Amino acid sequence: MSTITFVTGNANKLKEVIAILSGTPASSTAGAPSPSQVGKFTITNHALDLDEIQGTIEDVTIHKARAAAEIIQGPVLVEDTCLGFTAFNNLPGPYIKWFLASLGLDGLVNMLTGFEDKSAKAICTFGYCAGPGEEVKLFQGITEGNIVRSRGPTNFGWDSLFEPKGFKETYAEMDKSVKNTISHRYRALDKVRDFLLSQ
């Protein structure tokens, strides 16, 4: 049985990833998540402070996966999440974390004041690296939606601003069992799960 280390210290993200990868309802992952089985792999987690280079989401994810594999000395899974505003030609993109930290939720919404187009793409890219020096495999998921005034709990990044296309609720307002079947993270992890089960 091989162990893959998912590089995160974010408890909410870890719960969501384990729920999606293991195919269990989000409610059953309440509290501290335990390692998850996916095929012959056990998924565990470890928080690492990795340098984030500037570049495309693919460049950023590959760099993080290679760096993490060197530190862990084994198989790793890293994630990079983007939020791209159509009016800004898909920026902030991979820099959304820094924009959110600097501007806050209201500031992000205010960036689109004066723009009629409030559409956006939530993009999640996972990188898997089997170990130091190994090739990084990328798995990407995209969910289209719109940027709206914050609605719902504000404890998970920009979820309260993003209303997926075809829905009247933001990610934050949705039941986790619904979000975990339509989110950008779900779409990327669906590809990760297929890859792991094929190994």
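Within segment 179-190, identify whether any single residue is surrounded by fewer than 19 Cβ atoms within 10 Å (Cβ to Cβ) and more than 17 Å from the chain's Cα centre (by Cα), and answer yes or no. No. Considering only residues in segment 98-133 that are open to solvent by less than 20 Å² (accessible area, probe 1.4 Å), closer than 18 Å to S198 by Cβ and not small (G, A, S), the one that is nearest to the chain's Cα centre (by Cα) turns out to be F126. Applying the set (1) under 20 Å from Y171 (Cβ atoms); (2) surrounded by 13 or more Cβ atoms within 10 Å (Cβ to Cβ) to V136 leaves exactly one unmet item: (1). Within segment 100-139, work out how many residues are out of contact with any Cys (no Cβ under 7 Å at 6 or more places or on another chain), more than 16 Å from T86 (Cα to Cα) and either part of a loop (DSSP other than H, G, I, E, B) or touching a residue at least 12 places away in the same chain (Cβ under 8 Å) (or both). Adding up the residues that qualify gives 18. Sub-6 Å Cβ pairs linking a first residue in segment 58-86 that is open to solvent by 10 Å² or more (accessible area, probe 1.4 Å) to a second residue that is among the acidic types (D, E) and not in a strand (DSSP E or B), at least 6 apart or interchain, are T86/D117, ordered by first then second residue. Checked against (1) in contact with a helix residue (DSSP H, G or I) (Cβ under 6 Å, 6 or more places away or on another chain); (2) part of a loop (DSSP other than H, G, I, E, B), G55 passes all but a single condition, namely (1).
The values are calculated or read from the model by the stated rules, or taken from the named source; none is laboratory data. Being a predicted model, the structure only gives us computed values, none of them experimental. Positions of Cβ are backbone-derived with ideal geometry, glycine not excepted, and every protein chain shown enters the neighbour counts. Just the protein is used for accessible areas: all its heavy atoms, side chains included, with ligands, DNA and RNA removed. Shrake-Rupley method; radii C 1.70, N 1.55, O 1.52, S 1.80 Å.
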